[in-house]
Amino acid sequence: MGFPTIFSCRRSLLKLFLLQFIAFQTVNARPSPIIRFPGDDTPRTDKEVALHYLNKFYGCPQDRCNLMVLKDTLKKMQKFFSLQETGEIDSKTVEIMKKPRCGVPDVANYNFFHRKPKWQNKDVTYRILGYTPDLDEEVINDAFFRAFKVWSDVTPLTFTRIMDGEADIMINFGRNEHGDGYPFDGKDGLLAHAFAPGPGIGGDSHFDDDEQWTLGEGQVVKAKFGNADGEFCKFPFLFMGTEYNSCTPQGRDDGFLWCSTTYNFDEDGKYGFCPHELLFTLGGNAEGAPCKFPFNFQGEKYDGCTTQGRDDGYRWCATTEDYDRDKTYGFCPETAMSTVGGNADGSPCVFPFTFLGDTYESCTTSGRSDGKMWCATTKSYDDDRKWGFCPDQGYSLFLVAAHEFGHALGLEHSQDPGALMAPVYTFTKDFRLSNDDIKGIQELYGVPTDKPLPPTQGPVTPMDICNEPVIFDAVELLGQTNDGLAVDIVDTNTVISTLRAAYPVTIIWKSATSRCICKILKSQLDWLFSLSYNIFHLAVALAGSVHQLK
Ligand SMILES: [Zn+2]
Ligand SMILES: [Zn+2]
């Protein structure tokens, strides 16, 4: 009993998947024209990208960034990233410019760091003014706590969180222009920025809430209610023999999304509901009461969360049927299909939707030249032009905060691509502070006096690489090095510090394109190392190969 239904249910599910897959394929088969999405003003031509970047991070004057000034500034930027100093807008340069990064400029004496500012007290205070709806408050508090600990572990500094009043480091999330004259820019691009130590805005750290904040590996979902309230969803989890990688409405007819908090739901039966505005709200003044739809606001009726009446773009709802009368409200939590960036303020995707006359059953890259996945947030993009990006791995709030707090303590950007203080975002699973960062912060504050040094610090050891998964996201052939070896450039999203692990050993490596196995001796590696950023990528490739060959 029961089995036939489960089976037929699964079969029809499979059929549905196949149909969607086919629909997706046919839609993708015909290239759709690249369009400009409303609310998406990211620069698109290489020249636009370069001018914008050099103005923001290298002080190239907006109205006079041309001819020799442009060439010189480009060279300065290329030098910072150890690129060939061509003074031209070449593809390698633009590639770096397009990476997500910190909003603090790379050149000293420009806007942010005039002297070598630092805190005079050893006990620095911080206060969290606002939260992103992307993550649970506890997860956010913990990410900031751990980010401060990165620095207190290697200095005499201590960090104390205060709940009100003026702290040294005031932390907040914001979107676009958020009150300090240094606007954010929607999804990707700028992730966050922080001000050097000093009174007032000094030390303050701001995070772009058009980013999807995670711990670097996709949505972090805390389950509510059910029988595992407060535990985290376990992705993937097994339900009736199928693995689920996100919250699902399967097995329920009320439309609420749920997840299992252990891998095997069929065996353990532990579950909770995924955030939804009909379950609870955040902040506001209703103590987490769920939204009440429809509700009245300024004489209008609302059937869903809205950003009306707010200029910060956060979605809210009334928790009674009449806001005008009761004035109780809360902010809507991010749901499993909440969008990021775009112009829909985080509203969920609506499937199917139509775009340029075609029907889409899932997120798509159609219409975009940057390959980013997006969806419409109403049934018809063509009619309503409302859209957002689909959730992805997101950015690690812990890593970005640790970097920003480095600025808040007085550090500038590092040219060492393996340093936490390098301007470009790199996800690393098992983070350790690099020697470059430690040297920098100890120059300002000295070494810890009354606390023991942490057992692990500095670069990872060769043994560690073999234990860590190394993921490459792009491979290309550069050409030949002087000693005749084919060199693969591997652009990687892994921890940069792994490359150092390749340093002290004889490396056997496998070329991803030629499939040959070569051997590079330590002496050669030392020589390669001293060259440039490109070679640095090679070294990461080498470090990865140790793992692959194991
Ligand atoms: Zn920075
Ligand atoms: Zn700011």
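Computed from the coordinates by the stated procedures, all read-outs in this text should not be read as laboratory data. Nothing here was measured: the structure is a model prediction, and the numbers come from that model. Neighbour counts are summed over all protein chains in view; Cβ atoms, including those assigned to glycine, are modelled from backbone coordinates with ideal geometry.
Overview of values
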{"item": "Cα-based reach from residue 56 at 20 Å (exclusive), listing lysines while leaving out same-chain residues under 8 positions away", "result": "47, 71, 75, 76, 79, 92, 98, 99, 187"}
{"item": "Amide hydrogen neighbours beyond the local backbone of residue 264, cut-off 5 Å, H modeled", "result": "238"}
{"item": "Nearby lysines by direct alpha-carbon distance to residue 270 (threshold 16 angstrom, same-chain neighbours under 8 apart not counted)", "result": "222, 224, 234"}
{"item": "Restricting the range 42-139 to trypsin sites (Lys or Arg not before Pro) in coil, as DSSP defines it, with at most 12 other Cβ within 10 Å", "result": "64, 115"}
